[in-house]
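A.B. asks: Could you have a look at this structure, given as structure tokens, before my questions?
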Amino acid sequence: MIRILVDADACPVKDEVYRVAERLGARVAIVSNSQMRVPLVPWVERVVVSDGFDAADDWIAEAADRDCVVVTADILLADRCLKAGATVIAPNGKPFTGASIGGAIATRAIMADLRAGGEQLGGPPPFGKTDRSRFLQSLDAALVRLARGR
């Protein structure tokens, strides 16, 4: 069965995940470090991990496989899941791929170095309607692709 694994602690598109999963018959695992409200339906699983460093990431990376779509903004988690064969989508709808992940990791490292050097850098742009729409399209397309590949 196709599953959607959601890095849920700061995920702004959980409701969209539920809608697409219900329509296409996918199972969902909402993975977080604390209790979260989830729909009380048999196809949604709430996974609460310890509050240890990267505990949610570790659970998702271990569960990820070629029958999963992972939803995360975490670049290093995306890399781990891609290596496991999963499809990975950011909450803004942009896919992480084998071709794009190296550049994303490099950019992340450069930005971390600049911040460590005292540079004042702006954060990401605010999450908007176009991000939500792009996410819905990307998730739908990824699930359809996985279903066809079975």
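A.B. asks: Check residue 130 against each of (1) over 16 Å from the mean Cα position of the chain (by Cα); (2) touching a residue at least 12 places away in the same chain (Cβ under 8 Å) and name the one condition it does not meet.
C.D. replies: Result: residue 130 fails condition (2) only.
A.B. asks: Determine which single condition residue 9 fails, assuming it passes every other condition in (1) over 10 Å from the mean Cα position of the chain (by Cα); (2) surrounded by 21 or more Cβ atoms within 10 Å (Cβ to Cβ); (3) in contact (Cβ under 8 Å) with a residue 40 or more places away in the chain.
C.D. replies: (2)
A.B. asks: Going through region 64-93 one residue at a time, which ones are open to solvent by 20 Å² or more (accessible area, probe 1.4 Å) and in a helix (DSSP H, G or I)? Steps first, answer last, please.
C.D. replies: Just the residues of region 64-93 that are open to solvent by 20 Å² or more (accessible area, probe 1.4 Å), to begin with: 65-67, 73-76, 79-80, 82-85, 87, 92.
The answer is 75, 76, 79, 80, 82, 83.
A.B. asks: How many residues does region 141-150 contain that are assigned to a helix (DSSP H, G or I) and either of a type in the set (Ser, Thr, Tyr) or open to solvent by 40 Å² or more (accessible area, probe 1.4 Å) (or both)? Don't jump to the end; show me each part of the working.
C.D. replies: Kept after step one, since they are assigned to a helix (DSSP H, G or I), are these residues of region 141-150: 141-148.
Checking the rest, the ones that are also either of a type in the set (Ser, Thr, Tyr) or open to solvent by 40 Å² or more (accessible area, probe 1.4 Å) (or both) come to 141, 144-145, 147-148.
Residues that pass the stated criteria total 5.
A.B. asks: Check residue 121 against each of (1) in a helix (DSSP H, G or I); (2) in contact with a helix residue (DSSP H, G or I) (Cβ under 7 Å, 6 or more places away or on another chain); (3) surrounded by fewer than 12 Cβ atoms within 10 Å (Cβ to Cβ) and name the one condition it does not meet.
C.D. replies: Here residue 121 clears every test but (1).
A.B. asks: How about region 112-150: which of its residues are within 22 Å of residue 16 (Cα to Cα) and modelled with pLDDT under 80?
C.D. replies: Looking only at region 112-150, we keep the residues that are within 22 Å of residue 16 (Cα to Cα), and these are 124-148.
Of everything in region 112-150, those that are within 22 Å of residue 16 (Cα to Cα) and modelled with pLDDT under 80 turn out to be 124, 125.
A.B. asks: Now for a separate question. Could you check region 24-43 and list, in sequence order, the residues that are modelled with pLDDT under 95 and of a type in the set (Lys, Arg)?
C.D. replies: Result: 37, single match.
A.B. asks: Could you tell me which numbered condition residue 113 fails, if it satisfies all but one of (1) assigned to a helix (DSSP H, G or I); (2) under 18 Å from residue 11 (Cα atoms)?
C.D. replies: The single condition residue 113 does not satisfy is (2).
A.B. asks: Right, something else. Given the residues 20, 44, 28, 48, which is the only one that is under 26 Å from residue 130 (Cβ atoms) and out of contact with any Asp or Glu (no Cβ under 6 Å at 6 or more places or on another chain)?
C.D. replies: 28 is the lone residue from the list that is under 26 Å from residue 130 (Cβ atoms) and out of contact with any Asp or Glu (no Cβ under 6 Å at 6 or more places or on another chain).
A.B. asks: Let me ask something else about it. Pull out all pairs, ordered by first then second residue, where Cβ-Cβ is under 7 Å, the residues are six or more apart or on different chains, the first lies in region 15-36 and is open to solvent by 60 Å² or more (accessible area, probe 1.4 Å), and the second is assigned to a loop (DSSP other than H, G, I, E, B).
C.D. replies: 27/1; 27/43
The values are calculated or read from the model by the stated rules, or taken from the named source; none is laboratory data. Source: prediction; values computed, not measured. In this analysis, Cβ positions are derived from the backbone assuming ideal geometry, glycine residues included, and neighbour counts consider all displayed protein chains. What goes into the accessible areas is simple: the full protein's heavy atoms, side chains included, and nothing from ligands, DNA or RNA. Shrake-Rupley method; radii C 1.70, N 1.55, O 1.52, S 1.80 Å.
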